Amino acid sequence: MWQWSRADAPVDAQEQIKEYQSVIAELDALIARKGFGVTVTVNDNGKKVLAARVRSEYQKELADLQAGGLHSTSRHLQPWLALCTMVFSVLALAWSALGVVYQKRLGRKAMESRAILLATFQKGRKLLPPYMVIMVVLLFGGAIPMLVYEIMPILRHSNYSKGDMKIMLLLSGVALFLLYSGVKVLWDVWKASRTPLVNEPIEVMGQSVTRAQVPELWAFVDRVVSHTGAGTPDAIVVGLNEGFFVTEHPVKLRNGDLLPKGRVLYLPLPYMAFMSAAEVAAVIGHELGHFIGEDTLYSQHFSPIYSATVNHIVAVAGGADHEESWLDVLRRPATLFGEMFLDSFHEAVSYWSRQRELAADAVGAKVTHPIAVASSLLRITALEPHVSLALHENWDQGRAVEGGVLAHVRRLVQAHGMVDPSEHLQNRQSHPTDSHPELAVRLEALGQSATPALIARAMDPRPGTLLQELGLEAASEEAGPVSPHAAAPDVTSALQQELSGAAASARAEKIEELSGMVQDAREPKAIFDRTTKMFVMVLFFTLVLFAIGIAVQFTGNPKADTRWIGLGLCALGLGGIVWLVYLRKRKMHPALVIEQKGLRLFDSPELLAWEAIDDFDFTETSHMFIIKLSLDRQVTPPDLKVSKLRASFNKRSHELTVNLIGFDGKRAQQVAQDMMGAWRAHYAVQELVRMGVHAP
């Protein structure tokens with residue numbers, strides 16, 4: 001609107017020519033009567049200009065208009081450019097309002113069923129890329145004519161100044177860059193839309209067991225299947241480090257094997273070792289219940305289209321490697337709408353995820369009894385902390401803890417007892433592809449509550465013999481006597497070897513990384529103030545002061561006050577000498593020394609240990625590098641005995657500030673990196689010691 005108000009109204013070219021010719025004729029007549037020195041008033045302020053000069057300007061305008069030149073063309077274009085900006089802006093506003101209304105409608109419709117959720121999300125996903133592209137086109141379409149409009153008045157100048165040229169080049173460059181960015185967004189979105197939907201496999205650590213290997217386990221699952229009406233899983237994977245789950249996503253084992261396409265049931269042995277057959281059957285019934293309602297197929301289809309939607313939003317934002325810039329202001333409305341699109345389906349996705357889990361619990365109850373489902377949920381909750389700790393310690397040590405994970409879990413339970421599940425009723429069970437409702441919600445849906453009897457069962461520390469009965473574990477001191485139905489192969493041994501191998505590899509990588517940190521920070525690094533530039537500058541001014549002072553002293557009038565001025569200048573020169581000595585002394589001693597155990601500031605005998613520093617803050621300003629160290633409240637700062645210009649301590653914030661002279665850019669960054677590297681190295685040493693490794 002502002003540009004429209006500044007634009008000249010479009011006029012008929014022939015009428016404008018006649019008007020200019022009439023004005024020129026009047027000026028010719030005036031000059032003929034009164035001579036070339038005559039002046040005329042040219043604006044409301046009463047400013048007078050030579051008539052001959054005004055006539056010359058009108059002749060230029062007339063010639064340009066008759067030739068269809070730059071002046072007339074630019075004036076004619078300005079209203080249209082302003083109109084384009086307004087039209088594109090209004091269209092962008094209307095387009096965004098339409099999109100918000102439509103996505104809200106899709107979100108409400110998705111609440112009707114999972115099938116409708118999938119269909120509406122797929123529909124919205126297909127519409128989202130062109131919608132965002134149109135939004136970007138409208139925004140850039142408004143910005144480009146707005147910039148070109150501002151170039152038009154500069155083009156009409158008869159003589160360009162350097163400032164005019166700079167402004168014109170800047171605006172032209174920005175307009176061209178906007179055009180380039182708009183085309184790039186279109187290209188990125190087109191590439192993203194051409195990317196095929198890929199359902200990446202889930203990587204799982206475990207062993208795929210066949211009917212021939214563990215017939216008892218498959219027979220047990222078959223009995224559960226017969227009560228659910230679901231199809232038999234195509235593969236069963238047993239492992240140590242996950243929870244119960246079922247999926248139709250592609251599954252890749254840690255050893256590199258890709259399981260055949262189909263339904264995969266994962267069974268965690270550490271939990272099964274403490275659960276009864278009824279409890280495990282209830283959990284398997286729950287997982288197989290997802291097959292009845294095509295739940296896993298829904299997840300399999302939903303994940304790739306969700307990922308594709310995110311890719312389109314990233315493309316509009318500038319790509320995965322995009323760095324923030326002012327152009328994000330123009331892209332932001334489009335990307336914001338993409339984020340709002342995902343948010344509009346969040347409620348529906350969460351709702352149906354909750355419903356499908358509760359429906360699967362009902363299937364588990366059908367296999368056994370609601371009490372068995374409730375008992376299994378509480379039992380898993382009571383075991384989870386011990387299983388997590390055993391896995392962590394096995395993984396951390398990089399080798400099997402005595403007896404492996406299963407034996408370690410049994411020892412932890414025997415030593416500490418079960419965790420009270422009533423304290424964790426708001427917990428959600430972990431799952432690699434979906435989220436579960438809170439434990440309290442699931443119990444309520446089953447018509448059960450955390451009764452004393454259920455809690456007592458969940459906290460019973462006695463392990464079961466189900467793993468042996470299903471042929472998954474050989475007899476041992478911890479596992480107890482083998483069941484007469486148990487098979488010979490010990491699956492747990494193979495699983496433990498796989499886990500130990502992966503843990504050993506991860507441990508070796510971690511040790512190498514930590515050792516590298518320690519090695520890099522092994523040698524102390526002394527940081528000196530960089531005072532050379534300041535020294536030269538002070539020296540120059542000191543010499544100038546002495547020279548002027550001496551000149552005034554010997555050439556001034558003895559009776560006048562000029563000699564006092566000379567003495568004053570010499571005194572200032574002496575002050576400069578003192579400052580030079582100070583700078584020289586300051587450069588001879590390090591401002592700080594970065595050591596492996598802490599910082600030594602200004603030759604202080606006290607070392608500021610890394611444990612005493614809670615946080616760092618680095619600031620560059622006017623060749624000064626300011627380091628702020630937030631200290632632990634229990635720590636007394638070292639007595640530095642330097643001026644506040646070099647270091648100061650704020651008691652209220654418990655913050656120590658150190659000022660380094662002459663550090664900026666890469667030098668300041670290097671100091672910050674050295675400090676952070678030494679700080680990390682200190683804690684790397686502690687971690688290596690904790691891991692039982694000698695630090696280099």
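Filtered by the rule that a residue be closer than 18 Å to residue 644 by Cα and surrounded by fewer than 15 Cβ atoms within 10 Å (Cβ to Cβ), the stretch 592-607 gives a lone residue, 603.
Residue 267 passes every criterion in (1) buried (at least 23 other Cβ atoms within 10 Å of the Cβ); (2) part of a loop (DSSP other than H, G, I, E, B) apart from (2).
Exactly one residue out of 672, 609 is out of contact with any Ser or Thr (no Cβ under 9 Å at 6 or more places or on another chain) and without any contact (Cβ under 8 Å) to a residue 40 or more places away in the chain: that is 609.
Matching residues to (1) modelled with pLDDT of 85 or more; (2) assigned by TED's automatic domain parsing to the domain that holds residue 678; (3) surrounded by fewer than 18 Cβ atoms within 10 Å (Cβ to Cβ):
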position	(1), (2), (3)
574	no, no, yes
609	yes, yes, yes
621	no, yes, yes
632	yes, yes, yes
640	no, yes, no
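Note on the stretch 224-264: among residues that are of a type in the set (Lys, Arg) and either in a loop (DSSP other than H, G, I, E, B) or modelled with pLDDT of 95 or more (or both), the one that is surrounded by the fewest Cβ atoms within 10 Å (Cβ to Cβ) is 261.
Could you say which residue among 627, 661, 594 is touching a Pro at 6+ places or on another chain (Cβ under 7 Å) and closer than 15 Å to residue 528 by Cα?
On the way: 627 fails: touching a Pro at 6+ places or on another chain (Cβ under 7 Å); 661 fails: touching a Pro at 6+ places or on another chain (Cβ under 7 Å).
Testing whether each residue is touching a Pro at 6+ places or on another chain (Cβ under 7 Å) and closer than 15 Å to residue 528 by Cα leaves just 594.
Of all residues in the stretch 237-264, those that are touching a residue at least 60 places away in the same chain (Cβ under 8 Å) have Cβ atoms under 7 Å from Cβ atoms of residues that are crowded, with 19+ Cβ neighbours inside 10 Å and among the small types (Gly, Ala, Ser), 6 or more apart or on another chain, in 238/206; 239/206. Within the stretch 647-669, the residues that satisfy the criterion of being in contact (Cβ under 8 Å) with a residue 60 or more places away in the chain and surrounded by 17 or more Cβ atoms within 10 Å (Cβ to Cβ) are 658, 660, 661, 662, 663. Scanning the stretch 395-422 for residues that are at negative phi, in contact (Cβ under 8 Å) with a residue 60 or more places away in the chain and in contact with a Ser or Thr (Cβ under 7 Å, 6 or more places away or on another chain) yields 399, 400, 406. Would a scan of the stretch 229-242 turn up a residue that is in contact with an Asp or Glu (Cβ under 8 Å, 6 or more places away or on another chain) and closer than 27 Å to residue 409 by Cα? Within the stretch 229-242, none of the residues are in contact with an Asp or Glu (Cβ under 8 Å, 6 or more places away or on another chain) and closer than 27 Å to residue 409 by Cα.
Residues checked against (1) modelled with pLDDT of 80 or more; (2) farther than 18 Å from residue 339 by Cβ; (3) crowded, with 21+ Cβ neighbours inside 10 Å; (4) not hydrophobic (A, V, I, L, M, F, W, C):
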site	(1), (2), (3), (4)
83	no, yes, no, no
99	yes, no, yes, yes
110	yes, no, yes, no
138	yes, yes, yes, no
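The values are calculated or read from the model by the stated rules, or taken from the named source; none is laboratory data. Every value quoted in this text rests on a predicted model; they were computed, and no experiment measured them. Backbone-built Cβ (ideal geometry, glycine too); neighbour counts: all protein chains shown.
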